[in-house]
Amino acid sequence: MPELPEVETIKNALKPHLTGRTITGVRVFDTRPVQSVHVDEFCCRLIGRKILGLDRRGKYLMIQLSGGENLVIHLRMTGALLWNPVEAEPFTRMEFFVDNGGRMVYTDVRRFGTMYIVQDTKDILGKLGTEPLNAQFTPQYLTQLLKSRETPVKSVLLNQELIAGIGNMYADEALFHAKIHPLRPACSLTQAEITTLHKSIRHVLNKGISKLGASIRNYRHPDGGQGSAHKEFAVAHRENEPCPICKTPVERIVVGQRGTYFCPKCQAAK
DNA sequence: CCCGGAACCTGAAGGC
DNA sequence: TGCCTTCAGGTTCCGG
């Protein structure tokens, strides 16, 4: 499941391959990912464009093109972007060719991923909340988000219109790190807890990036390898394994329809 | 406005 | 062994 650290890793890996190249061809095996415009227009607006740069916003990858165009990609749960894969990749939905013979392959088992071609990225990204690793994400900002809401604190962390980029795995890890029960009403957190949670969010995201992402299910690095962030997860996807702090077995509950892992002792409900 | 639940998809895993 | 059901979760949409 690509979340912020995984998309950041993909962006960083593709950047040297793609920047400065010109798109020479697009092959579409499945039109489902192509949003908003007909697939013919999608291809027309890509071919011949020069790639000026790559960026990330929340879980979206943005590829800036000449002519003011932007290719915006969301991988959802099982999407992957691979650079020059050696083998034929199963579930290949699209291929992008560039002028040095390189090829970016888009695979997606479940076909939830989406692609857009837009002049103004705000059309797609306009409703996203703040970037949790940017300076504007302060403890004060987090306090404002939490204080008026009764919903579980985990649901706030997952709301992309409030904070952009945190998904199920890193939400669980951040709450564990901050010793906060995922079902706590957002407005019940103390100022001290919010300050800690703010630090924890940044800590787990930065660690995820430094480990090149977490390969829990389908996520792969563009070179075909896997990230290693999941090896250091304390609770996410570790039901019944001992908590790294107190050895109590990690529990799994459902919060906002998502599987949620936590330590019942370290993150005791108040 | 706020919140919860269904839908979208399909391979993997578990039950019988 | 094999069929059937359930599960996984990012986002959007709908209803209360």
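In the stretch A:105-153, which residues are among the basic types (Lys, Arg), touching a residue at least 40 places away in the same chain (Cβ under 8 Å) and either more than 16 Å from DNA strand C (Cβ to nearest atom) or surrounded by fewer than 12 Cβ atoms within 10 Å (Cβ to Cβ) (or both)?
To start, the set of residues in the stretch A:105-153 that are among the basic types (Lys, Arg) comprises A:110-111, A:122, A:127, A:147, A:149.
Right, trim to touching a residue at least 40 places away in the same chain (Cβ under 8 Å) and you get A:111, A:147.
Residue satisfying the conditions is A:Lys147 alone.
Only one of A:Glu241, A:Glu193 is more than 14 Å from the chain's Cα centre (by Cα) and within 16 Å of DNA strand C (Cβ to nearest atom). Can you tell me which?
Values: A:Glu193 fails: within 16 Å of DNA strand C (Cβ to nearest atom).
On inspection, the qualifying residue turns out to be A:Glu241.
Checking A:Ala268 against (1) farther than 16 Å from A:Ala171 by Cβ; (2) touching a helix residue (DSSP H, G or I) at 6+ places or on another chain (Cβ under 9 Å); (3) small (Gly, Ala, Ser); (4) at pLDDT 90 or above, which single condition isn't satisfied?
Exception for A:Ala268: condition (2).
Are any of the residues in the stretch A:121-130 farther than 21 Å from A:Arg56 by Cβ and of a type in the set (Gly, Ala, Ser)? Break it down stepwise before answering.
Keep residues of the stretch A:121-130 that are farther than 21 Å from A:Arg56 by Cβ, which gives none.
Within the stretch A:121-130, none of the residues are farther than 21 Å from A:Arg56 by Cβ and of a type in the set (Gly, Ala, Ser).
Could you list, in sequence order, all residues of the stretch A:142-178 that are within 15 Å of DNA strand B (Cβ to nearest atom), of a type in the set (Ser, Thr, Tyr) and not in a loop (DSSP other than H, G, I, E, B)?
A:Thr143, A:Ser155
Restricting attention to the stretch A:214-270, which residues are surrounded by 13 or more Cβ atoms within 10 Å (Cβ to Cβ) and part of a strand (DSSP E or B)?
A:Pro249, A:Glu251, A:Arg252, A:Ile253, A:Val255, A:Arg258, A:Gly259, A:Thr260, A:Tyr261, A:Phe262
Which of (1) more than 20 Å from A:Thr121 (Cβ to Cβ); (2) surrounded by 14 or more Cβ atoms within 10 Å (Cβ to Cβ); (3) of a type outside the set (Ser, Thr, Tyr) is the odd one out, the single condition A:Glu87 does not satisfy?
Exception for A:Glu87: condition (2).
The values are calculated or read from the model by the stated rules, or taken from the named source; none is laboratory data. Small disclaimer: the values here were computed from a predicted structure and weren't measured. Note that each Cβ is placed from the backbone with ideal geometry, even for glycine, and that neighbours are counted across all protein chains shown.
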